[in-house]
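My questions will all concern the structure given below.
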Amino acid sequence: MKMDILFPRGSHGLALANTDAYSRMGADIVMVIALLHHLCRNYGLRFEVLGRILDRLAKRAAIVEFIPATDEHVSRWPLANEPWYTLEGLIEALHPYFPHHEVLKSSPDPRVMLLFQREAE
């Protein structure tokens, strides 16, 4: 399924019979791949908001690709100069919802994948 995570659809239909998007779309694991840096640049999404969104969507875990400011493409964006746009900032913002995390290498370097979990496995 797909959904606009920044503007999810609320309850709708006759007598609001169709439940809201978060109720319908909840999953064990949610993946945010090749997306976060675009949401931050184009919509001003802050990591704290991403944490609240993932908290409502992911029952167990979230996999998030982080493309740092030093990436060859992102380094040319104004986003690269934002002091909050760091790996540490992302981890800190998601920690209240997913207290366990693991940083994994991705490609090309310096991109990384993060596995955020509610419970340690």
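The values are calculated or read from the model by the stated rules, or taken from the named source; none is laboratory data. All of these numbers come straight from a predicted model, not from anything done at the bench. All Cβ positions, even for glycine, are placed from backbone atoms using ideal geometry, and neighbour counts span all protein chains on display.
Residue check: is Tyr97 in a loop (DSSP other than H, G, I, E, B), touching an Asp or Glu at 6+ places or on another chain (Cβ under 6 Å) and either surrounded by 13 or more Cβ atoms within 10 Å (Cβ to Cβ) or modelled with pLDDT under 95 (or both)?
yes
Return yes when Asp28 is over 19 Å from Glu65 (Cβ atoms) and acidic (Asp, Glu) and no when it is not.
Considered against the rule, which asks whether it is over 19 Å from Glu65 (Cβ atoms) and acidic (Asp, Glu), Asp28 comes out as no.
For the condition under 25 Å from Val103 (Cα atoms) and among the hydroxyl-bearing types (Ser, Thr, Tyr), what is the one hit in Thr19, Thr70?
The match here is Thr70.
Something else: Can you list residue pairs whose Cβ atoms sit under 6 Å apart, with the first residue in the stretch 28-50 being surrounded by fewer than 18 Cβ atoms within 10 Å (Cβ to Cβ) and the second being β-branched (Val, Ile, Thr)? Count only pairs 6 or more apart in sequence or on different chains.
Between residues of the stretch 28-50 that are surrounded by fewer than 18 Cβ atoms within 10 Å (Cβ to Cβ) and residues that are β-branched (Val, Ile, Thr), the close pairs are Met31/Ile63.
If I filter the stretch 54-73 down to residues being within 14 Å of Leu35 (Cβ to Cβ) and touching a Phe, Trp or Tyr at 6+ places or on another chain (Cβ under 9 Å), which single residue comes out as surrounded by the fewest Cβ atoms within 10 Å (Cβ to Cβ)?
Ile63
Quick check on the stretch 62-76: of everything there that is touching a residue at least 40 places away in the same chain (Cβ under 8 Å) and not aliphatic (A, V, I, L, M), which residue is farthest from Ile29 (Cα to Cα)? Step through it out loud before you land on a result.
Kept after step one, since they are touching a residue at least 40 places away in the same chain (Cβ under 8 Å), are these residues of the stretch 62-76: 62-68, 70-71.
Subsequent filtering for residues that are not aliphatic (A, V, I, L, M) retains 65-66, 68, 70-71.
Details: Glu65: 14, Phe66: 17, Pro68: 23, Thr70: 28, Asp71: 26 Å.
If we take residues in the stretch 62-76 being touching a residue at least 40 places away in the same chain (Cβ under 8 Å) and not aliphatic (A, V, I, L, M), then Thr70 is farthest from Ile29 (Cα to Cα).
Okay, next question. Could you run through the stretch 72-88 and say how many residues are of a type outside the set (A, V, I, L, M, F, W, C), assigned to a loop (DSSP other than H, G, I, E, B) and within 19 Å of Val49 (Cβ to Cβ)? Break it down stepwise before answering.
Within the stretch 72-88, the subset of a type outside the set (A, V, I, L, M, F, W, C) is 72-73, 75-76, 78, 81-83, 85-86, 88.
Subsequent filtering for residues that are assigned to a loop (DSSP other than H, G, I, E, B) retains 72-73, 82-83, 85-86.
Checking which are within 19 Å of Val49 (Cβ to Cβ) leaves us with 82-83, 85-86.
Adding up the residues that qualify gives 4.
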